[in-house]
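First the structure, in the form of structure tokens, and then the observations on it.
The values are calculated or read from the model by the stated rules, or taken from the named source; none is laboratory data. Note that this is a predicted model, so its numbers are computed, not measured. A quick note on method: Cβ atoms are made from the backbone with ideal geometry, for glycine too, and the neighbour counts reach across all protein chains shown.
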Amino acid sequence: MKKLKLQNNSYKALLQNFKEWLDVLGYSKSACDNYPNHLQEFLYYLECHGHTDLTIVSVTIIKKYYHYLQQRPNTNTYGALSNATLNQHQQALRKFNEYLKQHHSKPLPIHLKAESKKEQGSQTVLTQSEIKTLFEATEFTESQEHIQLRDKAMLVVLYSCGLRVNEAVHLNIKDILFDKELIYVRKGKNYKERFIPINYYNLQILEAYLYDSRPLFYKPSQCESFFIGSQGKRLGTQSFSLRLKALLKATCNEELREKKPTPHSLRHSIATHLLEQGAPIESIQQFLGHSSLETTQIYVHLLQKNAS
């Protein structure tokens with residue numbers, strides 16, 4: 001809700017200081033964007049209801065605001081806000097409370113129960129045949145071949161290499177180590193770095209995009225990002241999602257479309273496929289960049305559930 005304009009000068013200052021605090025502490029770009037956006041909506045709600053002083057915000061006011069969130073439509077898709085989005089709004093308020101406490105201010109009386117998450121093992125996983133269908137769709141989604149090659153390179157890093165979409169966004173040209181058949185992930189989750197092996201076939205796809213496709217985008221030499229858009233700038237996470245949706249539409253595969261896969265679904269899919277092929281769980285953990293083996297165990301449960 002970036003278009004909401006605050007009038008209260010103290011709220012404006014709080015919002016700006018909160019943004020700077022997150023940045024100084026080294027939070028991810030998505031956190032530095034989303035938390036302030038969610039806080040801005042909260043402050044705007046307070047303004048609209050005549051609450052111009054945070055110190056008088058009560059439990060009742062917080063609950064009424066949260067009820068408003070539960071009722072308001074999603075501005076990006078149809079329907080209401082998802083449980084995951086509602087939890088993000090809660091997290092933003094709790095993070096703001098941390099900021100208030102560190103600056104010796106009265107924290108907000110947040111007494112909200114987290115929304116239930118998806119049942120374990122409910123992640124969307126595509127079959128290997130469906131993955132093949134997506135790769136084939138890159139041949140006819142666009143009339144321009146340089147975009148086709150970029151689409152195929154995207155699928156390689158998201159599926160074949162199992163990157164999180166944010167990791168794919170932050171890939172630079174120098175991070176593709178062609179001579180060593182490795183991809184260097186500089187900006188993994190919690191700023192953890194790792195190297196991912198990539199086979200010769202997939203490396204050729206990345207090479208074709210880099211040398212045959214990327215130079216056809218606007219001023220490619222002025223940007224170090226591996227994936228760039230029509231304006232010659234680093235491609236964002238939303239662009240990855242939009243290109244995947246375009247591929248899904250091009251497949252004309254209703255069953256595949258109904259799964260509504262996201263870029264992260266491709267990561268779930270490669271993890272499951274590796275497990276199916278007998279890869280050690282520890283190797284998959286390293287491949288995905290999980291800090292805990294327990295996180296990787298999700299795919300064991302997922303595989304067992306699909307087999308039952």
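In table form, for the structure just shown:
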{"read-out": "Of the criteria (1) modelled with pLDDT of 90 or more; (2) closer than 25 Å to Leu22 by Cα; (3) loosely packed, with under 15 Cβ neighbours inside 10 Å, which one Tyr68 fails", "value": "(2)"}
{"read-out": "Condition broken by Glu181, with the remaining ones in (1) touching a residue at least 24 places away in the same chain (Cβ under 8 Å); (2) in contact with a Pro (Cβ under 7 Å, 6 or more places away or on another chain) satisfied", "value": "(1)"}
{"read-out": "Hey, Leu86 within 22 Å of Thr237 (Cβ to Cβ), in contact with an Asp or Glu (Cβ under 9 Å, 6 or more places away or on another chain), among the hydrophobic types (A, V, I, L, M, F, W, C) and surrounded by 13 or more Cβ atoms within 10 Å (Cβ to Cβ) or not", "value": "yes"}
{"read-out": "Looking only at segment 6-40, and only at residues there that are of a type outside the set (S, T, N, Q) and closer than 19 Å to Asn74 by Cα, the one that is modelled with the lowest pLDDT", "value": "Asp33"}
{"read-out": "The lone exception for Ala279 - which of (1) among the aliphatic types (A, V, I, L, M); (2) touching a residue at least 24 places away in the same chain (Cβ under 8 Å); (3) farther than 19 Å from Arg164 by Cα it fails", "value": "(2)"}
{"read-out": "Residue among Thr237, Thr251, Thr262, Thr272 that is of a type in the set (Ser, Thr, Tyr) and out of contact with any helix residue (DSSP H, G or I) (no Cβ under 6 Å at 6 or more places or on another chain)", "value": "Thr262"}
{"read-out": "Single unsatisfied condition, Asp175 versus (1) out of contact with any strand residue (DSSP E or B) (no Cβ under 6 Å at 6 or more places or on another chain); (2) farther than 29 Å from Gln16 by Cα", "value": "(1)"}
{"read-out": "Failed item, numbered, when Gly26 is tested on (1) surrounded by 12 or more Cβ atoms within 10 Å (Cβ to Cβ); (2) closer than 30 Å to Lys192 by Cα; (3) not charged (D, E, K, R)", "value": "(1)"}
{"read-out": "Within segment 243-271, considering residues that are more than 20 Å from Ala168 (Cα to Cα) and either surrounded by 21 or more Cβ atoms within 10 Å (Cβ to Cβ) or of a type in the set (A, V, I, L, M) (or both), the one farthest from the chain's Cα centre (by Cα)", "value": "Ala250"}
{"read-out": "Scan of segment 65-103 for residues that are under 22 Å from His51 (Cα atoms), within 21 Å of the chain's Cα centre (by Cα) and touching a residue at least 60 places away in the same chain (Cβ under 8 Å), ordered by number", "value": "Lys95"}
{"read-out": "Ala271 vs. criteria touching a residue at least 40 places away in the same chain (Cβ under 8 Å), closer than 22 Å to Tyr299 by Cβ and in the same structural domain as Asn172 (by TED's automatic domain parsing)", "value": "yes"}
{"read-out": "Selection from segment 206-235 of residues that are surrounded by fewer than 18 Cβ atoms within 10 Å (Cβ to Cβ), part of a loop (DSSP other than H, G, I, E, B) and without any contact (Cβ under 8 Å) to a residue 24 or more places away in the chain", "value": "Tyr218, Lys219, Gly229, Ser230, Gln231, Gly232, Lys233"}
{"read-out": "Scope segment 4-15; condition surrounded by 12 or more Cβ atoms within 10 Å (Cβ to Cβ) and under 27 Å from the mean Cα position of the chain (by Cα); matching residues", "value": "Leu4, Leu14, Leu15"}
